[in-house]
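The values are calculated or read from the model by the stated rules, or taken from the named source; none is laboratory data. The structure displayed is predicted, hence computed values, not measured ones. Here Cβ is always computed from backbone atoms with ideal geometry, including for glycine, and neighbour counts include all displayed protein chains. Heads up: the accessible areas ignore ligands, DNA and RNA and are worked out on the full protein's heavy atoms, side chains in. Shrake-Rupley method; radii C 1.70, N 1.55, O 1.52, S 1.80 Å.
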Amino acid sequence: MREVDTQELAKALKAVDTEVQDKIFRNMSKRAAAMLKEDMEFMGPVRLKDVEESQQKIVSTIRRLEDSGEIVIARSGEDELVV
């Protein structure tokens, strides 16, 4: 989460359902989640194109972190690895 710009995250979350938003908020400190929610409220309407661009930037960051081994993405149907 530290690798993602807060404004990009706020914009990316504008068009997702509350279940996805809640997952993100649960993985943040309460203070950071409150600040992000506030940013989203004060941001106002955002063009869908801008939301999609922000989402793509976040996906690119996730892929870069996965490729470098900094994070592991668990996918269903794959063998589990216990280290």
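Observations on the structure shown:
- Per-peptide average of other Cβ atoms within 10 Å, ordering 48-55, 18-25 highest first: 48-55, 18-25
- Subtracting the Cα-Cα distance of residue 38 and residue 60 from 0.36 nm times their residue separation leaves 5.4 nm of extension gain.
- The chain - accessible surface per residue (Å², probe 1.4 Å): 82
- Compared with the alpha-carbon gap, the fully stretched path from residue 28 to residue 68 is longer by 12.1 nm at 0.36 nm per residue.
- Along segment 43-48 the Karplus relation, 6.51 cos²θ - 1.76 cosθ + 1.60 evaluated at θ = phi - 60°, assigns HN-Hα couplings of 5, x, x, 10, 5, 4 Hz to successive residues, with x for each Gly and Pro.
- In the chain, helical runs assigned H by DSSP with n ≥ 4 each contribute -39500 (n - 2.57); averaged across all residues and rounded to the nearest 500, the mean residue ellipticity at 222 nm is -19500 deg cm²/dmol.
- Dividing the mean sequence gap of close Cα pairs (under 8 Å, 6+ apart) by how many residues the chain holds gives a relative contact order of 41 percent.
- Nonpolar atom fraction for the chain, defined as the carbon and sulfur part of the 1.4 Å probe accessible area, stands at 50 percent.
- Expressed as a fraction of 2.2 N^0.38 Å, the C-alpha radius of gyration for the chain is 1.21.
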